Amino acid sequence: MIRIDRLRPAALGVALSVLLAACGTQAPLRQPGVPGPITETPQGTPLTPQMAAAADTLTRMAALQDRLYRVAAPLLIDNAELCTKHARNLLGFTAKNRHSYPGLYNEAAHVAFGMDERLQVTGVLVGSGAAKAGLRLGDALVAAGGKPLPTGPNAPSTVGAVFGGLMASQSILPFSIERDGRPRDLSIPVTRACGYGIELGNGDNVNAYADGTRVMVTRGMLNVARSDDELAYVLARTMAHNMLDHPRQQRNQATLNSVIENLRNITPDMAMVNGSAGIKPMPSNLDAAADRLAIFLLARADYNIEGAPAFWKRFAASYPASVANGFTANHPSTAARLTAMELAIEDVKAKKGSKKPLTP
């Protein structure tokens, strides 16, 4: 679903697709109540400048990923009916341990955030079964369905097999966790949702990518999206390309996959995304189809659809197609897109007025 110098081993993607098929990249666990840069461990031991910088990087990434998960949640859950090929049963959380991080970041996660050999919850999808059951960031996973969960270096890549077997036969999974040093039992119901990974791209280029199974929004795009509605516009239309199978139709899947894999790294190779990064511009008719579907996805998730055309018009003016490796360069048909959005908005209003299902 998403990865990050590497935030986790490649095999962890399999486990994550079972844990939270809708959100593959796990946000690093944040240290609660820390207002500024982290300079010492929870035990009060000063961090070296290098370790403090690594901990600060993980914390800043966590804040961005948290925002992505929060805004994406209703789009993924409320549109499961329309994700005919990609709807999945999810538990609604992600988890990792210190071994999910490479080198210096492994130690930074341990000394700054208290991560150890056990898997800890690093993300909970709002509205999911995990959220409704009361699972929280930082909860340590002990057992599921009465089976002890793996620990240590191989835990991130092997836990998927445990969850996969349980989810195949149960709609509610009993969990044993540890919170603040105390054991707790939770029952987590399975949630049906669009099974797209929601990825954070560690680049300042203003773009978003869809490779058929994942949605990536770059750090640069997150900084441009000033409100949750604006970020939802970006997420919804990128999801729509996946739902309409556009990456495969355009034979862009392999290229987009390599771009996403690179930008998942904590320190990606930005030379790989110079120019167009090999991505073919989306044809006008496919882009218009994605924008039409996106308006319906937004409406079903209760986002404000009225501001979508104005956002994209303003965006195209600020980041025109001449900006290399930018969103408009990959989606240059702004006029056709705006027309499609405006027509879709009128269609949504008419369907709501006549109390018809919000289906495109």
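Considering only the stretch 133-173, how many residues are modelled with pLDDT of 95 or more and farther than 26 Å from Ala109 by Cα?
Residues flagged as modelled with pLDDT of 95 or more and farther than 26 Å from Ala109 by Cα within the stretch 133-173 amount to 1.
On the basis of being surrounded by fewer than 21 Cβ atoms within 10 Å (Cβ to Cβ) and either among the aliphatic types (A, V, I, L, M) or more than 18 Å from Thr238 (Cα to Cα) (or both), does Ala308 make the cut? First the steps, then the outcome.
Numbers: surrounded by fewer than 21 Cβ atoms within 10 Å (Cβ to Cβ): no; either among the aliphatic types (A, V, I, L, M) or more than 18 Å from Thr238 (Cα to Cα) (or both): yes.
Spelling it out, it is not the case that Ala308 is surrounded by fewer than 21 Cβ atoms within 10 Å (Cβ to Cβ) and either among the aliphatic types (A, V, I, L, M) or more than 18 Å from Thr238 (Cα to Cα) (or both).
Is there a residue in the stretch 153-171 that is buried (at least 20 other Cβ atoms within 10 Å of the Cβ), in the same structural domain as Leu68 (by TED's automatic domain parsing), over 19 Å from the mean Cα position of the chain (by Cα) and part of a loop (DSSP other than H, G, I, E, B)?
no
Of everything in the stretch 44-67 that's in contact with a strand residue (DSSP E or B) (Cβ under 6 Å, 6 or more places away or on another chain) and closer than 16 Å to Glu199 by Cβ, which residue is modelled with the lowest pLDDT?
Gln65
Looking only at residues in the stretch 192-209 that are over 15 Å from Asp66 (Cα atoms) and aliphatic (A, V, I, L, M), which one is surrounded by the most Cβ atoms within 10 Å (Cβ to Cβ)?
Here is the first cut: in the stretch 192-209, the residues over 15 Å from Asp66 (Cα atoms) are 192-196, 203-209.
Cutting the leftovers down to aliphatic (A, V, I, L, M) gives us 193, 206, 208.
Details: Ala193: 30, Val206: 23, Ala208: 24.
Applying the filter and picking the extreme gives Ala193.
Could you list all residues from the stretch 210-232 that are out of contact with any Pro (no Cβ under 9 Å at 6 or more places or on another chain), crowded, with 20+ Cβ neighbours inside 10 Å and more than 18 Å from Ser318 (Cα to Cα)?
If the condition is that a residue be out of contact with any Pro (no Cβ under 9 Å at 6 or more places or on another chain), crowded, with 20+ Cβ neighbours inside 10 Å and more than 18 Å from Ser318 (Cα to Cα), then Arg214, Val215, Met216 are the ones that fit.
Please determine whether any residue of the stretch 119-139 is farther than 24 Å from Ala73 by Cα, touching a helix residue (DSSP H, G or I) at 6+ places or on another chain (Cβ under 9 Å) and not aromatic (Phe, Trp, Tyr).
Residues of the stretch 119-139 farther than 24 Å from Ala73 by Cα: none.
For the stretch 119-139, residues farther than 24 Å from Ala73 by Cα, touching a helix residue (DSSP H, G or I) at 6+ places or on another chain (Cβ under 9 Å) and not aromatic (Phe, Trp, Tyr): absent.
Could you tell me whether any residue of the stretch 317-328 is surrounded by fewer than 21 Cβ atoms within 10 Å (Cβ to Cβ) and in contact with a Gly (Cβ under 6 Å, 6 or more places away or on another chain)?
Scanning the stretch 317-328 turns up at least one residue that is surrounded by fewer than 21 Cβ atoms within 10 Å (Cβ to Cβ) and in contact with a Gly (Cβ under 6 Å, 6 or more places away or on another chain).
The values are calculated or read from the model by the stated rules, or taken from the named source; none is laboratory data. Model, not experiment: these values are computed from the prediction. Cβ sites come from the backbone with ideal geometry, for glycine too, and all protein chains shown count toward neighbours.
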